[in-house]
Amino acid sequence: MAASAEHPSPEPTKPLLGLLNGIAQSTFYGNTEITEELLREQLYPETSSQEFGVLLAKMKGIIKSIASADMDSNQLEAFLTAQTKKPGGITTDHAIVVAKFWKNQRAKIHESLINQSKWENSLKNISWRIDLKTQSRHIDQMNSPVAIVEMELEKNGQESELLTMEFDETELNKMLKKLSKIEDSIISLTQKSSCFFT
């Protein structure tokens, strides 16, 4: 991008920056109050619905492409330069505004995408201890060692819940063998995939 175009005139770029922020709010931050009609009325009232729809779709596509690749500044510059040269692409002023927007919003959008891609529950904390069983239906099981495993699970930022499990020696050995097999599988897979990159 040319040095003379580093600072586009502020007036035409304000609506575009507002549009990009609106796209981020509705697409990445889950703000359902931001609608296409609201954005058009507030930012581009003189533009027809059809023209605005084209601009919105173009900018949404660009922002989604940038966000999904989590582009750094070099990747972003190459991508935006290609967008300015493409027929029906964006102007250099638009590219500068998009670059400014991405520089300011990259971390927040990246964090939002990570949070959206998490599975329902996430492991917040795990602790374990060995205790002696003090109660049992069978007397011969009393005073035998048991492993107590406590996992604190969090569901999408909500209050966490505690899951407690108790294992006797046999169950614990079975679980450890299964975990060992899982670990071996992961090691095997990572060694195979690292061969592709060396």
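What the table shows:
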quantity: Fewest-first sequence of S122, S188 by Cβ atoms within 10 Å of each Cβ; calculated: S188, S122
quantity: Rule-of-thumb Rg ratio for segment 12-117 [Cα; 2.2 N^0.38 Å; N residues]; calculated: 1.03
quantity: Burial ordering of L19, L163, fewest other beta-carbon atoms within 10 Å first; calculated: L163, L19
quantity: Karplus-derived HN-Hα couplings along segment 58-70 (A = 6.51, B = -1.76, C = 1.60, θ = phi - 60°), whole Hz, x at Gly and Pro; calculated: 4, 5, 4, x, 5, 5, 5, 5, 5, 5, 5, 8, 6
quantity: Order of V146, V97 - criterion: other Cβ atoms within 10 Å of each residue's Cβ, fewest first; calculated: V146, V97
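Only the coordinates and a few stated rules stand behind these numbers; no lab work does. Every value quoted in this text rests on a predicted model; they were computed, and no experiment measured them. Here Cβ is always computed from backbone atoms with ideal geometry, including for glycine, and neighbour counts include all displayed protein chains.
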